[in-house]
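Undergrad: The following block contains the structure, expressed as structure tokens.
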Amino acid sequence: MNEAPCDLRGPWAWNEARTFLETATVPIRVAANGAGGFPVIVPLWFQWAQDHFWLAVKPSAAIAALLERDPRCAFDISVEDPPYKGVRGHGNATVVPEGFPVLEALVDRYVGEAAPNFRSWLLNRSKDESAIKIHPIKLIAWDFSGRMSR
């Protein structure tokens with residue numbers, strides 16, 4: 001797909017933002033509206049697929065309950081080493097039961113075959129996983145590569 005699935009601002013064209021989202025293996029930081037009125041921020045593994053962010057959580061996770069109560073959320077995906085760059089924005093989340101296929105894809109993406117024991121441990125204890133699907137409304141790309149030289 002060559003068109004942005006939502007409003008995209010910043011220095012990147014959609015193909016640059018999509019490439020970043022498809023290849024970045026840093027966590028997404030998801031902010032949900034907490035019951036006490038303060039935001040709650042949770043870092044999670046993510047995958048960009050079908051123009052949505054896909055995350056995996058236990059059904060009992062607090063972030064799942066918060067997003068079921070109020071699906072509005074904000075997020076940030078940014079690299080932690082110079083040159084700093086990333087994508088942030090906001091959207092609406094849906095908690096989807098039977099998220100084990102999402103977990104499998106995330107384990108492939110973040111762990112791969114490098115740590116077979118950890119991989120097995122994650123997959124063997126998580127058959128009841130849920131997924132969070134975030135439909136982005138607005139994305140803001142940012143990139144300090146031009147200002148920072150290594």
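Undergrad: Pick from 118, 100, 75: which is aromatic (Phe, Trp, Tyr), over 15 Å from residue 28 (Cα atoms) and surrounded by 14 or more Cβ atoms within 10 Å (Cβ to Cβ)?
TA: Details: 118 fails: surrounded by 14 or more Cβ atoms within 10 Å (Cβ to Cβ); 75 fails: over 15 Å from residue 28 (Cα atoms).
Going through 118, 100, 75 in turn, just one is aromatic (Phe, Trp, Tyr), over 15 Å from residue 28 (Cα atoms) and surrounded by 14 or more Cβ atoms within 10 Å (Cβ to Cβ): 100.
Undergrad: For segment 81-107, name all the residues that are over 22 Å from residue 135 (Cα atoms) and in contact (Cβ under 8 Å) with a residue 60 or more places away in the chain.
TA: Just the residues of segment 81-107 that are over 22 Å from residue 135 (Cα atoms), to begin with: 81-84.
Correct list: 82, 83, 84.
Undergrad: Residue 67 fails exactly one of the following numbered conditions: (1) among the hydrophobic types (A, V, I, L, M, F, W, C); (2) out of contact with any Lys or Arg (no Cβ under 9 Å at 6 or more places or on another chain); (3) under 23 Å from residue 123 (Cα atoms). What is the number of that condition?
TA: Unmet condition: (3).
Undergrad: Hey, another quick one. Please determine whether any residue of segment 7-24 is closer than 19 Å to residue 127 by Cα and not basic (Lys, Arg). Before the answer, list the steps.
TA: Initial filter on segment 7-24 (closer than 19 Å to residue 127 by Cα): none.
No.
Undergrad: What's the total number of residues in segment 108-126 that are without any contact (Cβ under 8 Å) to a residue 24 or more places away in the chain and either in contact with a Phe, Trp or Tyr (Cβ under 6 Å, 6 or more places away or on another chain) or within 16 Å of residue 55 (Cα to Cα) (or both)?
TA: Here the count works out to 4.
Undergrad: Would you mind telling me which numbered condition in (1) assigned to a loop (DSSP other than H, G, I, E, B); (2) without any contact (Cβ under 8 Å) to a residue 12 or more places away in the chain residue 19 fails?
TA: Against the list (1) assigned to a loop (DSSP other than H, G, I, E, B); (2) without any contact (Cβ under 8 Å) to a residue 12 or more places away in the chain, residue 19 comes up short only on (1).
Undergrad: How many residues does segment 46-101 hold that are β-branched (Val, Ile, Thr) and more than 15 Å from residue 141 (Cα to Cα)?
TA: Going through segment 46-101 one residue at a time, the tally reaches 5.
Undergrad: Next up: Of these, 40, 30, 26, 57, which one is among the aliphatic types (A, V, I, L, M), surrounded by fewer than 17 Cβ atoms within 10 Å (Cβ to Cβ) and touching an Asp or Glu at 6+ places or on another chain (Cβ under 9 Å)?
TA: Details: 40 fails: touching an Asp or Glu at 6+ places or on another chain (Cβ under 9 Å); 30 fails: surrounded by fewer than 17 Cβ atoms within 10 Å (Cβ to Cβ); 57 fails: surrounded by fewer than 17 Cβ atoms within 10 Å (Cβ to Cβ).
It is 26.
Here, each number is a calculation from the coordinates, and none is a lab measurement. It should be emphasised that the depicted structure is a prediction, and the values quoted were computed from it without experimental measurement. Cβ sites come from the backbone with ideal geometry, for glycine too, and all protein chains shown count toward neighbours.
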